[in-house]
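Here the structure is laid out as C-alpha cells; the discussion comes afterwards.
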C-alpha cells in the first residue's frame, strides 16, 4: 500500500498563515477524532494523512480521490 507524501497532502487540503494544514471537506470526516493543529503541533492532521490507515480509508470511502492521488493496494 502506498501512503501519501507531502505533495499529495497539499492537493487534498491547505495550510493557513501559521503553516497549519487542514483537510478539504471531502476528507475531513477522517480527521474528526484527531487533535486539531495548533502553533505547537501544526502537522497533527498532516501526519495522520501520511499513514497507511488513511490510505486504506481513502480506498474504501473515496476511491476516485485515491485513484487520482495514486493510492493503490
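Every read-out reported here was derived from the displayed coordinates using simple, explicitly stated rules and does not represent laboratory data. For clarity, every value in this text was computed on a predicted model and none was experimentally measured. We place every Cβ from the backbone using ideal geometry, glycine too, and count neighbours over all the protein chains shown.
Can you give me the relative contact order of the chain as a percent, contacts being Cα pairs under 8 Å and 6 or more apart?
Result for the chain is 38 percent.
Quick check on the exposure proxy: order 54, 31 from fewest to most C-beta atoms within 10 angstrom.
Ranked by crowding around the Cβ, least crowded first: 31, 54.
For 12, 34, what ranking results if the residue with the fewest other Cβ atoms within 10 Å of its Cβ goes first?
Fewest-to-most Cβ neighbours within 10 Å comes out as 34, 12.
Using a 7 Å offset from the Cα along the Cα-to-Cβ direction at both residue 22 and residue 67, what is the distance between the two label points in nm, to one decimal?
Output for this residue pair reads 3.0 nm.
On a C-alpha basis, how far is the centre of the stretch 7-24 from the centre of the stretch 31-73 in Å? Whole number, if you could?
Each part's Cα centre sits 11 Å from the other's.
Tell me what the chain gives for mean residue ellipticity at 222 nm when only DSSP H runs of n ≥ 4 count, each as -39,500 (n - 2.57), the sum divided by the residue total, rounded to 500 deg cm²/dmol.
Only helices count here, giving -10000 deg cm²/dmol.
I need 27, 71, 60 ordered by Cβ neighbour count within 10 Å, fewest first.
60, 27, 71
In whole Å, what are the extents of the chain along the principal axes defined by its C-alpha atoms, from largest to smallest?
So the three principal-axis extents are 34, 23, 19 Å.
What is the helix-to-structure angle for 52-61, meaning the angle in degrees between its Cα long axis and the longest Cα principal axis of the chain, kept from 0 to 90 and rounded to the nearest 10?
60 degrees
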